[in-house]
Structure formats: structure tokens, C-alpha cells
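Have a look at the structure below, then the notes.
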Amino acid sequence: MFDQAALNASLNGLSAVFLSSGYVLIRRRRIAAHKVCMISAFSVSTAFLVSYVVYHLAGMDPPCLLRALAYAYDSGGGDCAAGDYHPAARLEGTI
């Protein structure tokens, strides 16, 4: 079984290692190596973000997912956790 939490923790830990190494390298004036560490930290952090978002979107029930997408599109109101989202509610008053 796949452990999403372990993946996310590993990606965050690896990013911290790259950031710490980059700090040491820039203090030693090793600019090229610092740049590699910073780009690596950014890449690993981006992989974490994608993993995190995909995991949480995949776990949503369809109405809540639609609500999240509608919120991202037009900053609509409602709360999926509270159960106050209903697809028809977005259409009220539009006709």
C-alpha cells in the first residue's frame, strides 16, 4: 500500500537538505553548487505541492470537488465540510 504521508515528509525533508546545503555553499562562495541546490529545492518543493494537491483532490467527493473548482474560478461561498454546498445553489437567481 502506498503511503502518501511518507512521500510528502520525504519530499519536505529532501527540500530542507537542499536548502541547508545551499546555505552552506553560498557562505563558502560556491555559487554554481548553491544554484544547483536552490533549483533542486524548488523542484522537490514543487513535486511536494503537486503530490499534496492531487492527493486531496482525489479524496474529495464529486460535489465537494466541483465546489472547490468553482471556488477557485470565482471565489464563491460555501463550505464542503459543513455540507452547505449544493450544485443547484449556484444557479439560484441566475434565470
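Here is how the numbers come out for the structure above:
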{"read-out": "Proxy reagent accessibility, fewest Cβ within 10 Å first, across F42, F18", "value": "F42, F18"}
{"read-out": "Protection proxy ranking of 35-41, 22-28, 52-58 - average other beta-carbon atoms within 10 Å, highest first", "value": "35-41, 22-28, 52-58"}
{"read-out": "Shape category assigned to segment 1-59 from the gyration tensor of Cα positions, a/c cut at 1.5", "value": "prolate"}
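Read the figures in this text as sums done on the coordinates, not as results from a lab. Model, not experiment: these values are computed from the prediction. Here Cβ is always computed from backbone atoms with ideal geometry, including for glycine, and neighbour counts include all displayed protein chains.
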